[in-house]
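J.: To start, I am sharing the structure in question, which I have written as structure tokens.
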Amino acid sequence: MSTNISIELVSKSLNIRSELIKDDTTIETCSFWDSIGHLMLIQNIEELIGRKLDTLEMLEISSVNDVKKIMKENGFG
Amino acid sequence: MYLKVDDQYYLKALNRNDISDKYLSWMNDKEVTATLDIGNRNKNVTRSDLLDYLDSHIDHSYLIGIFTLDGNHIGNYSYKKNPIHKVATLGVVIGDKNYWGKSVVIKTRSVILDWAFTKDGTNKISSGCYSTNIPAILNFKKQKWTQEGILRQHRFVNNKFIDFINYSMLKDEWLNEH
């Protein structure tokens, strides 16, 4: 379930279809993962978990798996 | 110095004639300067300030303009090199907001890294950004810069202490990837 939430978050933020996103999709491998999309992703995660990410958490996010981990740590999974 | 980037952009070292009203307007636009590591944000920046800043780029250092192929000046890099240690610091501003979110930094910074490491004899480039500058962080990650450290609560911006993140790229790392 957490994977779905994470993929939906990335899909919504990057404005691409969820079928194109896998757990191992990363910033480096996904050409659609641009700076504005990343900003949206951070904001959408923060909105969902109800708090600001700290610097270390924010810097950890480089892939869908990282989003999944953050969401799980915050009770979404 | 002139560097062709692609069929959209070129880079060139700025001279005093390039210190335009447009460039001045960027540096007095709080939205543009929000993520820049500048001093007093409440001070009005003057043409004289910009000329002094340009003149501070001496001895293997350049203020490099980002231009569209039709000559529209949209941003700058500050490249300051210590020739003894072969280390340069690199900062960037995209002043023309029409070009935000268009991967200008990713496209143009690659050309500067190529030039610095293959033509200018530089061994390491240091850079960094505020922890609040999420687009910049994404660009560093995408370009595989190494995160060297987090300077905790290193800046006081908008009544908040914020972290500063240092990144670097070594010549060997860049050339192995490209």
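J.: Taking region B:46-95 only, how many residues are among the aliphatic types (A, V, I, L, M) and modelled with pLDDT under 95? First the steps, then the outcome.
T.: Within region B:46-95, the first condition is being among the aliphatic types (A, V, I, L, M), and the residues that meet it are B:50-51, B:54, B:58, B:63-64, B:66, B:69, B:74, B:84, B:87-88, B:90, B:92-94.
Now drop any that are not modelled with pLDDT under 95, which leaves B:58.
Matching residues across region B:46-95 total 1.
J.: I've got another one for you. Just checking, how many residues over region A:34-67 are assigned to a helix (DSSP H, G or I) and either of a type outside the set (S, T, Y) or exposed (fewer than 14 other Cβ atoms within 10 Å of the Cβ) (or both)? Walk me through it before giving the result.
T.: Within region A:34-67, the subset assigned to a helix (DSSP H, G or I) is A:35-49, A:55-60, A:64-67.
Subset that is either of a type outside the set (S, T, Y) or exposed (fewer than 14 other Cβ atoms within 10 Å of the Cβ) (or both): A:36-49, A:56-60, A:64-67.
The qualifying residues number 23.
J.: Return the residues of region A:38-54 that are basic (K, R) and facing chain B (nearest Cβ under 8 Å); say none if nothing qualifies.
T.: Let us first name the residues in region A:38-54 that are basic (K, R), namely A:51-52.
Answer for region A:38-54, where residues must be basic (K, R) and facing chain B (nearest Cβ under 8 Å): there is none.
J.: Next question, about the same structure. Answer yes or no as to whether A:I5 is at pLDDT 95 or above and either β-branched (V, I, T) or farther than 25 Å from B:I150 by Cβ (or both). Spell out how you get there, then give the answer.
T.: Numbers: at pLDDT 95 or above: no; either β-branched (V, I, T) or farther than 25 Å from B:I150 by Cβ (or both): yes.
Spelling it out, it is not the case that A:I5 is at pLDDT 95 or above and either β-branched (V, I, T) or farther than 25 Å from B:I150 by Cβ (or both).
So that you can scan it fast, the table gives a plain yes or no per residue for (1) more than 9 Å from every other protein chain (Cβ to nearest Cβ); (2) of a type outside the set (A, V, I, L, M, F, W, C); (3) in contact with an Asp or Glu (Cβ under 8 Å, 6 or more places away or on another chain):
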| position | (1), (2), (3) |
| --- | --- |
| B:V92 | yes, no, no |
| B:G95 | yes, yes, yes |
| B:N98 | yes, yes, no |
| B:K124 | yes, yes, no |
| B:I134 | no, no, no |
| B:I137 | no, no, no |
| B:K142 | no, yes, yes |
| B:G149 | yes, yes, no |
| B:R152 | no, yes, yes |
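J.: Let me ask something else. Going by the structure shown, is B:D172 surrounded by 14 or more Cβ atoms within 10 Å (Cβ to Cβ), at negative phi and not polar (S, T, N, Q)?
T.: Values: surrounded by 14 or more Cβ atoms within 10 Å (Cβ to Cβ): no; at negative phi: yes; not polar (S, T, N, Q): yes.
So B:D172 fails the test.
J.: Among the listed residues A:S6, A:S62, A:S35, identify the single one that is within 11 Å of chain B (Cβ to nearest Cβ) and in contact (Cβ under 8 Å) with a residue 12 or more places away in the chain. Spell out the reasoning first.
T.: Numbers: A:S6 fails: within 11 Å of chain B (Cβ to nearest Cβ); A:S35 fails: in contact (Cβ under 8 Å) with a residue 12 or more places away in the chain.
That would be A:S62, the only listed residue that is within 11 Å of chain B (Cβ to nearest Cβ) and in contact (Cβ under 8 Å) with a residue 12 or more places away in the chain.
J.: Also: For region A:14-32, name all the residues that are among the β-branched types (V, I, T) and either more than 11 Å from every other protein chain (Cβ to nearest Cβ) or in contact (Cβ under 8 Å) with a residue 40 or more places away in the chain (or both).
T.: Let us first name the residues in region A:14-32 that are among the β-branched types (V, I, T), namely A:16, A:21, A:25-27, A:29.
Across region A:14-32, the qualifying residues are A:I16, A:I21, A:T25.
The values are calculated or read from the model by the stated rules, or taken from the named source; none is laboratory data. Computed from a predicted model, the values in this text were never measured in an experiment. Quick reminder, even Gly has a Cβ in these numbers, built from the backbone with ideal geometry, and neighbours come from all protein chains shown.
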